[in-house]
Amino acid sequence: MLDAVTELLRSKKIPPLDAVQMSDLLHHLFVVTDKELRFDIAEVAYRYDRNHPNAFDLFLACTLPFAKKAAHRKAQKLFFYPSDWQVELMYDGAVAAAIDVFQRNVTLSPTPNAFRRYLLRALYCGMLKGYFARQENSDIRAVGDVRAIRTQRRPFRNTVEEEMIATELLEQVTSFPHSYPPVRATLQCIAALGPDFAVKEHPYRAAGDPDKWEHQRKRRPILNVEAIAEAMGLESRDVHRNLRQARIALRKIFNPDGRLFLTH
C-alpha cells in the first residue's frame, strides 16, 4: 500500500492495480487516520486522473470519512445531544455533496489549498441542506410563546405515492370483473390511449356576474369522447352511454369511509 500511495502522489496518476490490490488500497484509504494523505489523494483523483475507472472510488474512499466526522461534529454543535436520525440526515447530505463535487468537476483556482477549502465548504453546505431541506425540518426557529406563531404552510404532497395510487386505481378500474363488457372495453381503451389522446381541454366560464365571464374564462381537462370513439370504431353516443354506466357502477363500488375499493 505504501508503494502504491507513494507512486500515486509522485506521478499524480492512479497506478495500475488489479481488482484485489485496488480493493485493498480503497480500504486502506478509508481507515487511515492521516487526513493530509486523504486530501492529497482525493485531489489527485479529482484534478489529475479523474478519467481513471477507479478515480471516483478513490475520491469517495478519501472524502466519506470527512463527511462522517463532520456530520457528527456539526450535529453536536447544533443539537448538543443529537439523535442518530439527525446525524444520519447530515451524513447523507454530506455524502450527496461529495458525489456532486466529483460529478460537477468545477475548475478550481491555482491558490494553495483551493481543493481542500472547496471540498469542506461543499460538505458543510450539504450537511445543512440534508437536514433542513426536509419538509418537517424547514423554517425551524426558537420562539418564546408557541401560541403566538401563526404560520400557513402548503400541504406536503408525496408525488411518488400519488403516482403509485393512481396506477393501482387505474388498473382496478379497467379490470373490474363485474362491469359490463362494453363498459370495461371503453375504460381499457381510455387507459391505452393515455392522457395525451384520451383527454382534452374544455373551456368554461366561472359562475357569477355575466359581465365578468370574459375575464373568468378557464380550461379544465375532460375525456375526449370523439378520440375514444374513433379508436374503438364506435359512435360518440355509444361511448357516452358506456361512460355513463361506468360512472354509475364506480360510484357504487367506492366505500363510504373514503377508501378506494372494497379490496383496497
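The values are calculated or read from the model by the stated rules, or taken from the named source; none is laboratory data. These numbers were taken from a predicted model, which means no experiment stands behind them. Glycine gets a Cβ as well: all are built from the backbone with ideal geometry, and neighbour counts include every protein chain shown.
One table, with the values for the structure above:
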| quantity | calculated |
| --- | --- |
| Residue that is assigned to a helix (DSSP H, G or I) and at pLDDT below 85, where the choices are Gly93, Gly130 | Gly130 |
| Enumeration of residues in the stretch 1-38 that are within 34 Å of the chain's Cα centre (by Cα) and more than 25 Å from Asn113 (Cβ to Cβ) | Ala19, Met22, Ser23, Asp24, His27 |
| Pairs where the first residue, in the stretch 102-120, is more than 19 Å from Leu60 (Cβ to Cβ) and polar (S, T, N, Q) and the second is surrounded by 10 or more Cβ atoms within 10 Å (Cβ to Cβ) and modelled with pLDDT of 90 or more, C-beta under 7 Å, 6+ apart | none |
| Checklist (1) assigned to a helix (DSSP H, G or I); (2) under 13 Å from Phe102 (Cα atoms) applied to Phe39, failing item | (2) |
| Flag if Ala94 is of a type in the set (A, V, I, L, M) and under 18 Å from Arg117 (Cβ atoms) | yes |
